[in-house]
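The values are calculated or read from the model by the stated rules, or taken from the named source; none is laboratory data. A quick note: this is a predicted structure, and the numbers were derived from the prediction, not measured. Don't worry about glycine lacking a Cβ; one is built from the backbone with ideal geometry, like all the others, and counts go over all protein chains shown. Heavy atoms of the whole protein, side chains included, go into the accessibility calculation; ligands, DNA and RNA do not. Shrake-Rupley method; radii C 1.70, N 1.55, O 1.52, S 1.80 Å.
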Amino acid sequence: MSDPIPEAVTGLDGVAALEAVIGIPTFRRPAGLDRVLRSLEPSARAHALRFVIADNGCDPAVRDVVAGFARRWPFTSLTYLAVRTRGISHNRNALIGDFLGRNDGAAWLAMIDDDMTAPAQWLTLMLRAGRDYHADCVGGPCAIAVERP
């Protein structure tokens with residue numbers, strides 16, 4: 001198994017510097033958000049990350065999912081953003097705005113939707129491709145998990 005890429009940089013306090021921010025746009029799918037966050041746990045444990053969830057439905061159930069993961073994942077940071085203007089573009093723009101508005105050292109913003117799941121090596125491979133190819137943007141195949149009523 002290869003090392004997480006890029007290699008973590010430690011500051012004077014010995015804490016790994018932030019490698020990436022994972023942005024998840026969501027709209028009235030707390031079960032989908034729960035599923036995608038569970039799929040991202042290997043990435044959350046392997047990398048220094050911050051998670052940002054942009055909720056376009058301002059749904060208390062979504063906020064509860066985020067709060068639950070914040071309690072279960074003391075090794076990472078989770079932020080909830082209520083995005084009151086409808087539309088996926090507003091959610092994505094809120095995630096980008098949050099990423100650009102913080103000076104926390106993260107070089108990468110990775111986005112994954114609430115109707116997807118991430119394979120265990122998803123983020124490691126994305127970060128590696130970005131570094132190896134000096135890319136501004138990296139993408140890859142995705143599988144959508146369709147919810148049935």
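Looking only at residues that are open to solvent by 10 Å² or more (accessible area, probe 1.4 Å) and among the acidic types (Asp, Glu) in the stretch 48-74, which one is nearest to Glu19 (Cα to Cα)? Checked the stretch 48-74; the qualifying residue nearest to Glu19 (Cα to Cα) is Asp64. Taking the criterion of being surrounded by fewer than 21 Cβ atoms within 10 Å (Cβ to Cβ) and of a type in the set (A, V, I, L, M, F, W, C), the residues of the stretch 82-96 that qualify are Ala82, Ile88, Ile96. Would you confirm whether any residue within the stretch 103-117 is under 12 Å from the mean Cα position of the chain (by Cα), among the polar types (S, T, N, Q) and in a loop (DSSP other than H, G, I, E, B)? Yes, some residue in the stretch 103-117 is under 12 Å from the mean Cα position of the chain (by Cα), among the polar types (S, T, N, Q) and in a loop (DSSP other than H, G, I, E, B). All told, Gly105 falls short of being modelled with pLDDT of 90 or more, on the phi > 0 side of the Ramachandran plot, surrounded by fewer than 15 Cβ atoms within 10 Å (Cβ to Cβ) and not charged (D, E, K, R).
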